[in-house]
Amino acid sequence: MSGERESWHLSKSVPITLIVALLIQAAAVVWHGSQWTAAIHQNRTDIDKLAAEHDQMNNASSVQAIQLARIEENTRNLAERIADLVRQLERRQPQP
């Protein structure tokens, strides 16, 4: 080159269909990327929702475990009281 820089230019031998095809491909890549981004955001929302439901279920199961322990303790106490009553009745009734 003789010291002057040639500016970039497009040769007239490049078909316009190639340029259009490249632009369409670029648009398709951008569109596909935006679809991925939307899907990722939706997945994040779904994961957050499932995590909240999971926490609620864990809390509910903890409450149910406590309630079950109380019921078992009450049942045990009732069984002991019934056994005591049966023993008292057996002592009161004369044996033949």
Worksheet item: Counting Lys and Arg as +1 and Asp and Glu as -1, each charge on the Cβ, what is the dipole of the chain about the Cα centre in debye, to the nearest 20?
Response: 320 debye
Fill in: Dipole-positive endmost among Leu78, Gln93, Gly33 within the chain (Cβ charges, Cα centre)
Gln93
Fill in: Inter-part distance where region 67-95 and region 1-55 are each reduced to a Cα centre, Å
77 Å
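Convex hull volume of the Cα atoms in region 18-93, per residue, in Å³? Can you show the working numbers first?
Details: hull volume 4.8 nm³, N = 76.
Dividing the Cα hull volume of region 18-93 by its residues yields 63 Å³.
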Worksheet, complete the sentence: For region 1-56, using Cα atoms only, the Rg and Dmax in Å read 23.5, 77
Discussion item. Just to confirm the filter: which chymotrypsin sites (Phe, Trp or Tyr not before Pro) across region 1-60 are DSSP coil and have at most 14 other Cβ within 10 angstrom of their Cβ?
Written reply: Trp8
Worksheet item: By how many degrees, between 0 and 90 and to the nearest 10, does the Cα long axis of helix 16-92 differ from the longest principal axis of the chain?
Response: 10 degrees
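Each value in this text was obtained by applying a stated rule to the coordinates, not by laboratory testing. Because the structure is predicted, anything quoted here is derived from the model rather than measured. All Cβ positions, glycine included, derive from the backbone under ideal geometry; neighbour counts span all protein chains shown.
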